[in-house]
Each structure stands twice: as structure tokens, then as C-alpha cells.
Amino acid sequence: MSSIHIRPRFKDKYRIKPEEVGNLVRSHLDTLDTGCTAEILPTFIVINIHPKEAHFWSPQLSISFEADDQDDSFTIIRGLYGPNPTVWAFFFYGYIALGILAMFLGMYGFSLYSLGHDARILWILPVLAVAALILYLIAQFGQKIGAEQMFTLHHFFEDSIGHRIHLD
């Protein structure tokens with residue numbers, strides 16, 4: 001799981017019926033104290049770190065699964081690792097806010113510059129770029145903190161279905 005991937009994902013075909021995936025995860029949760037919790041729906045599962053061990057940077061694994069169109073005996077399983085939706089929204093809106101602010105300040109500053117007026121407001125653009133870089137570095141730091149728990153989620157799901165899964 002490389003740090004290049006912001007939200008690692010996988011896609012795999014497995015010889016199992018789609019309705020069995022949720023049952024396997026449910027039975028694995030019931031038999032062992034795995035340190036994970038799960039919300040299981042008919043074609044979607046969200047696996048989280050148990051609240052006792054969870055922290056701000058704890059990841060979650062979202063899994064969707066469906067029958068393969070070519071062969072009904074196979075199921076296509078897609079997984080996406082990511083932060084808690086609250087954390088994801090914080091960074092998403094942070095980047096959006098910085099981008100919109102940079103766009104409007106840039107338009108205003110370059111308008112002043114093209115009219116021959118004082119355009120010192122343009123010095124805010126590098127500050128916003130540094131703020132975006134800091135936001136990115138904080139996200140990478142948080143991803144490193146949650147890396148061990150991401151492996152825990154990955155191994156939990158692999159053990160649940162009894163199939164090794166490679167990340168893209």
C-alpha cells in the first residue's frame with residue numbers, strides 16, 4: 001500500500017455467490033475478536049476499526065460486490081480504503097476553499113495589475129499554495145498513522161472470504 005495512492009482500491013473476481021460475501025464477513029465478525037466492526041447491506045459492506053481502537057486518522061474499507069455478467073458463479077468485489085467520511089470531507093472542502101479563494105484573488109489581483117494599479121494582493125497566491133501543500137502533507141501524515149489499521153482491515157476481509165486480494 002504505497003503512499004502514492006490517496007485512496008487505495010482493489011477489484012477482484014472470486015468464485016462465490018454475492019449473498020455469501022456478507023454472510024462470510026458476518027460469521028468472521030461473530031467468531032473472532034478481530035478489532036473490526038462492519039455494516040453489512042445486501043451488496044455493500046463498510047468495515048471500520050473497532051471504536052475502542054479508533055482514532056481521528058482511522059481508515060475504513062468500503063466494499064461493493066455484484067454477480068459477474070459473464071459467469072453467475074463469480075462475484076466481482078470492489079474495495080476502497082479511505083478515511084472516515086468526516087476527515088475526507090474536511091480535506092475535500094479545505095482544498096475547494098483554497099482553490100476558490102485563489103481563483104477569485106487571482107482574478108481580482110490580475111485585473112488590478114492589467115489596469116496598472118497596485119496588485120500586492122497577488123502575494124497571497126503563494127501563501128495559499130503553501131497552505132494547500134501543508135494540507136496535503138497533513139493528509140499524508142494521517143495516512144501514515146492509519147497505515148497499520150489499513151492492513152488490519154485488509155487482512156480481516158481476506159480472512160473473512162478466504163481469498164487473497166491484491167491492491168491496484
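Some points to look at:
- Screening the chain for DSSP H helices whose Cα atoms reach 27 Å or more along their own axis and whose mean Kyte hydropathy is at least 1.6 gives 124-145.
- Distance from the range 7-73 to the range 81-99 (C-alpha centre basis), Å: 23 Å
- Aspartates and glutamates whose Cα lies under 12 Å from that of K17, excluding same-chain neighbours fewer than 8 positions away: E66, D68, D71, D72
- Order of S64, S58, S160 under a 10 Å beta carbon neighbour criterion, fewest first: S64, S58, S160
- V21, V46 arranged by Cβ crowding within 10 Å, fewest neighbours leading: V46, V21
- Here is the list for the range 51-130: trypsin sites (Lys or Arg not before Pro) lying in DSSP coil, each with at most 12 other C-beta atoms within 10 angstrom of its C-beta, are K52.
- Dividing the helix sum by the residues of the chain, where each DSSP H run of 4 or more adds -39500 (n - 2.57), gives a mean residue ellipticity at 222 nm of -16500 deg cm²/dmol.
Since every read-out is calculated from the coordinates, none of them should be taken as a lab result. Predicted, not measured: the structure shown is a model, and the values here were computed from it. Cβ coordinates were reconstructed from backbone atoms using ideal geometry, including for glycine residues, and neighbour counts include every protein chain displayed.
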